[in-house]
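Student: Before I ask anything, let me first share the structure, which is written out below as structure tokens.
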Amino acid sequence: MNNQKILLEKIKHKKAKIAIIGLGYVGLPLAILLAKSGFIVDGYIKNKKELMSISSGISKIGMDSDLKKILKTGKLSVHNIISKRLQDNDIYIICVPTPLNKQKKPDLSSLNQVAKNLSRINLENKLIINESTVSPFTTKHIFGSLGKNYFLVCSPERIDPGSKKTVENIQKLIGGMNADSLTLGIALYKQILRKKLVVVKNMEVAEMSKMLENTYRAVNIALINEFAKLADAINIDILDVIAAAKTKWSFRAHYPGIGVGGHCIPIDPYYILKLAEIKKIDMQLVTVGLSGNERMPDYVAQKIIKNYKKNMKVLIYGLTYKKNIADLRESPVLVLCQILKRKKIDFVVYDPLIGKKQIQKLGLRIGKLEKVDIFVVGTDHKELIHDYSLAVGSETVVVDGRNFFQNKVGKKVLGIGRLRR
Ligand code: SAJ
């Protein structure tokens, strides 16, 4: 039996030992799912503190009870990435971050570090799967020449933090370096995914699709933000307009807001812009869209500044990048806070999901839910529905950065593209 068949049999009988490199929003749910399905899974991370906390069943992504249960079975264990155990695995699923550096260029340092670790072991007859978000040809460039006779696929992650969509229920793409690699990748995911895999021609199609998916979302959010600003100027309610446009089959609704945060949408398009720059292809629609989104915190700040008088009490409610998850990464509300600080506007913040220590670490002052002069909706967590009445009095001006309020509250509600109420 040839090497590919040997690994295929191991996958089919759940005997393949799986390494998940990176145990964050992508890697940890995947590790738990694979372990629950019966595989032996080794999670690898480089941060010692995180390693200790995950090994004790504490995850920063709110999967503690699942994690504790699966750790008890012994099917999942957590190791340092430099552990010799790495060479005993058969399959390596890479789920490390691909952020931007200060110049908003791709930062592939985590991926390159993983490649270095893998290049030190004998990869013969093993399978590498890249789930990290990269632009076309990156998977091949970084993981395509680490040794002989190993297999390589790209299957970009499609996690949606905070939603009910869980890993096993999300349709995924997969593209292989060659047919044998693809067969192995499909066999593995078939063991855990409920949704049929979408097999694409090669790894580059998978990489480029992920870029298109998230750039499409970023640019469409930018478009609706621009329409919302015009709606503000002509006093038409943008939500009425979107509701009307949604009746057209080819219109996909996006909604204006205080800005675009998270580790995907505001980040991934810069990866495709870098490739376009190298290939001297003009993608200014993407560039202009991204900067339009990045200006939204300032658009909201202007509404606060216009209504602010010295010594007014200002409360910003909700700091995270989107509702109902405790994730501050790239949050536009933090950009708003910096703008208000620069304008010497005194404010306090309140977020039901973010602890006091974390808020203080951000250099922000925690406020109480009590009557204020200006109440700013930074993030519309589900708790807002009852929290707001503690802070919004009859004279409170509400600056609604998420168009949460459908009716008038306080003295007036200033939304983004909403009728002044
Ligand atoms: N946002 C808007 N208007 C919108 C939608 C989102 O301003 O109409 C803002 C959100 O407030 C947030 C940011 O954009 O600040 C990103 O929102 P998101 O809903 O796209 O949330 P993410 O970052 O968790 O996006 C994830 C992504 N998943 C992956 O990349 C694997 C993204 O591809 C998905 O489209 C998205 O989930 C989803 O909701 O499906």
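Student: If I ask for residues that are outside any helix (DSSP H, G or I) and surrounded by fewer than 23 Cβ atoms within 10 Å (Cβ to Cβ), which ones from the stretch 1-44 would you list?
Tutor: Met1, Asn2, His13, Lys14, Lys15, Lys17, Gly24, Ser37, Gly38, Ile40, Asp42, listed by residue number.
Student: Identify all residues within the stretch 143-159 that are more than 18 Å from the chain's Cα centre (by Cα) and not basic (Lys, Arg); write none if there are none.
Tutor: Matches in the stretch 143-159: Phe143, Gly144, Ser145, Leu146, Gly147, Asn149, Tyr150, Phe151, Leu152, Val153, Cys154.
Student: Next question. Could we say that Asn220 is in contact with a Gly (Cβ under 9 Å, 6 or more places away or on another chain), over 30 Å from Ile6 (Cβ atoms) and within 12 Å of the ligand (Cβ to nearest atom) here?
Tutor: Working: in contact with a Gly (Cβ under 9 Å, 6 or more places away or on another chain): yes; over 30 Å from Ile6 (Cβ atoms): yes; within 12 Å of the ligand (Cβ to nearest atom): yes.
In short, yes.
Student: Now for a different question. So which residues in the stretch 118-139 are out of contact with any Ser or Thr (no Cβ under 8 Å at 6 or more places or on another chain), of a type outside the set (A, V, I, L, M, F, W, C) and either touching a residue at least 60 places away in the same chain (Cβ under 8 Å) or on the phi > 0 side of the Ramachandran plot (or both), if there are any at all?
Tutor: Taking the stretch 118-139 first, the residues out of contact with any Ser or Thr (no Cβ under 8 Å at 6 or more places or on another chain) are 118-126, 128, 135-139.
This time we only want the ones that are of a type outside the set (A, V, I, L, M, F, W, C), so: 119-120, 122, 124-126, 135-136, 138-139.
Correct list: Glu124, Asn125, Lys126, Ser135, Pro136, Thr138, Thr139.
Student: Filter the stretch 160-188 down to the residues that are among the β-branched types (Val, Ile, Thr) and over 18 Å from the mean Cα position of the chain (by Cα), then identify the one that is nearest to Ile265 (Cα to Cα). Full working, then the answer.
Tutor: Let us first name the residues in the stretch 160-188 that are among the β-branched types (Val, Ile, Thr), namely 166-167, 170, 174, 183, 186.
Now narrow it down to the ones that are over 18 Å from the mean Cα position of the chain (by Cα): 174, 183, 186.
Working: Ile174: 21, Thr183: 31, Ile186: 27 Å.
That would be Ile174.
Student: Does Thr287 count as assigned to a loop (DSSP other than H, G, I, E, B) and more than 11 Å from the ligand (Cβ to nearest atom)?
Tutor: no
Student: Let me ask something else about it. I'd like the full set of residues that are surrounded by fewer than 16 Cβ atoms within 10 Å (Cβ to Cβ) and not in a helix (DSSP H, G or I), limited to the stretch 200-220.
Tutor: Residue satisfying the conditions is Lys201 alone.
Student: Only residues that are surrounded by fewer than 23 Cβ atoms within 10 Å (Cβ to Cβ) and among the aliphatic types (A, V, I, L, M): list them for the stretch 366-390, please.
Tutor: Across the stretch 366-390, the qualifying residues are Ile366, Leu369, Leu384, Ile385, Leu390.
Student: Is there a residue being closer than 26 Å to Leu230 by Cβ and in contact (Cβ under 8 Å) with a residue 60 or more places away in the chain anywhere in the stretch 340-350?
Tutor: No, every residue in the stretch 340-350 fails to be closer than 26 Å to Leu230 by Cβ and in contact (Cβ under 8 Å) with a residue 60 or more places away in the chain.
Student: Take the residues in the stretch 231-270 that are away from the ligand (no atom under 15 Å from the Cβ), free of Cβ contacts under 8 Å to residues at least 24 places away in the same chain and assigned to a loop (DSSP other than H, G, I, E, B); name whichever of them is most open to solvent (accessible area, probe 1.4 Å).
Tutor: Ranking the qualifying residues of the stretch 231-270, first place goes to Trp249.
The values are calculated or read from the model by the stated rules, or taken from the named source; none is laboratory data. Predicted, not measured: the structure shown is a model, and the values here were computed from it. FYI the Cβ positions are ideal-geometry reconstructions off the backbone, even for glycines, and counts take in every protein chain you see. Surface areas here come from the heavy atoms of the whole protein model, side chains and all, with no ligands, DNA or RNA. Shrake-Rupley method; radii C 1.70, N 1.55, O 1.52, S 1.80 Å.
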